Amino acid sequence: MSLRDDAWFEALFRDHVTAVGRYARRRLDASDVDDITAETFATAWRRRLDVPEGAELPWLYRTCGYLIANHRRAKVPVPVEQVDDAPDDLDPELAVVRDEQVREALLGLSPRDRQILLLHAWDGLSGDGLAAYLGVTRGGADAALSRARARLREVWGGVQEPADS
């Protein structure tokens with residue numbers, strides 16, 4: 001493992017701050033992006049020995065995702081008895097999608113399939129990077145991406161408008 005000193009952190013920040021900021025921007029209100037991006041890198045500094053060499057960006061994306069989830073939970077206090085056990089399917093990433101057919105197709109997928117496809121298409125993760133983010137093997141990530149793509153093709157066929165006769 002390389003030395004995790006100030007120079008390491010400066011290089012990590014320089015190389016990835018734009019990508020992490022874009023990741024946050026697609027998922028948050030603009031007013032929260034800088035704070036979450038900064039907190040992501042503060043976490044990277046505090047946990048610098050946990051950042052896997054060669055998979056820094058996926059680790060940063062995953063950390064940013066956790067911080068975004070915590071940020072959302074902290075914004076709206078919910079009494080414990082009102083907490084829903086079902087996963088929240090509201091996906092803010094879809095808010096930036098303008099094309100209604102694409103939005104409808106993405107909404108037809110499971111949250112995990114959407115996450116995998118968006119991490120690949122928007123955040124540029126594939127192969128080892130996607131595996132590191134998902135916490136699975138490379139083969140597992142490749143299979144998950146392939147399955148998500150296949151399900152998107154199925155859903156996409158169902159949302160296509162019929163051609164004019």
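Every number in this text was worked out from the coordinates using simple rules, so none of it is lab data. These numbers were taken from a predicted model, which means no experiment stands behind them. Every residue, glycine as well, gets a Cβ built from its backbone with ideal geometry; the counts of neighbours run over all protein chains shown.
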message: Cut-off is 10 Å between beta-carbons; in what order do TYR66, TYR61, TYR23 appear when sorted fewest neighbours first?
response: TYR66, TYR61, TYR23
message: How would the range 1-80 be classified by its alpha-carbon gyration tensor: rounded, prolate or oblate, with rounded meaning a/c under 1.5 and the a/b versus b/c comparison settling the rest?
response: prolate
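Please identify the GluC sites (Glu not before Pro) of the range 35-67 that satisfy two criteria: DSSP loop assignment and at most 13 other Cβ atoms within 10 Å. Which are they?
Answer by residue number: GLU53.
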